[in-house]
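A short write-up of the structure that comes next.
The values are calculated or read from the model by the stated rules, or taken from the named source; none is laboratory data. Only a predicted model underlies this, so the values are computations on that prediction, with no experimental measurement involved. Cβ sites come from the backbone with ideal geometry, for glycine too, and all protein chains shown count toward neighbours.
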Amino acid sequence: MPGLAPKLALAGAAAAGGVALWWRRNPSACPYSQRFWVEAPHPFVTRARLLEILAPQPGERLLEVGPGTGYYSLDVAERLRPEGGLDIFDLQPEMLDHTMARAGERE
Ligand SMILES: C[S@@+](CC[C@H](N)C(=O)[O-])C[C@H]1O[C@@H](n2cnc3c(N)ncnc32)[C@H](O)[C@@H]1O
């Protein structure tokens, strides 16, 4: 059907814009049930790029606010070992539990 694809693209863009506007007016943390959004690759600030910028050193103690599921946390924490460490603080205990479980899997 000619002309359907542009209409669908426009409708999709309008829907995405509407959601973005709604979220801007009703800010809230990304719920744990939607965690797949924060587990997706972060192409603009990759883990390697964050480590390069942050340059964490062994023995340092850092605080990460809002780690989510720990996308960056584990790599940063590894760089701080053995005497240092990463503390994490998140509004949602499920995110903290998730990150700690992942850390346990890496041990
Ligand atoms: C979009 S996720 C980002 C997670 C992670 N930093 C990443 O880049 O993958 C934001 C996280 O910050 C938490 N958060 C939002 N506002 C917060 C606040 N005021 N204090 C602590 N955590 C907060 C949310 O619960 C959520 O886990």
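Given the condition of a type in the set (A, V, I, L, M), out of contact with any Asp or Glu (no Cβ under 6 Å at 6 or more places or on another chain) and assigned to a loop (DSSP other than H, G, I, E, B), answer yes or no: does some residue in the range 67-83 qualify? For the range 67-83, residues of a type in the set (A, V, I, L, M), out of contact with any Asp or Glu (no Cβ under 6 Å at 6 or more places or on another chain) and assigned to a loop (DSSP other than H, G, I, E, B): absent. The set of residues in the range 25-55 that are part of a helix (DSSP H, G or I) and within 11 Å of the ligand (Cβ to nearest atom) comprises Y32, Q34, W37, V38, E39, R47, L50. When you check A11 against the structure, is it in a helix (DSSP H, G or I), of a type outside the set (D, E, K, R), away from the ligand (no atom under 12 Å from the Cβ) and surrounded by 10 or more Cβ atoms within 10 Å (Cβ to Cβ), yes or no? Answer is yes for this residue. When the range 76-107 is filtered for residues that are at pLDDT 95 or above, surrounded by fewer than 16 Cβ atoms within 10 Å (Cβ to Cβ) and among the acidic types (D, E), the ones remaining, listed by number, are E78, E83, D87, E94, D97.
For the range 2-16, the criterion of being in contact (Cβ under 8 Å) with a residue 12 or more places away in the chain and among the basic types (K, R) is met by no residue. Inspect the range 88-107 for any residue being part of a strand (DSSP E or B) and hydrophobic (A, V, I, L, M, F, W, C) and give the result as yes or no. Taking every residue of the range 88-107 in turn, at least one turns out to be part of a strand (DSSP E or B) and hydrophobic (A, V, I, L, M, F, W, C).
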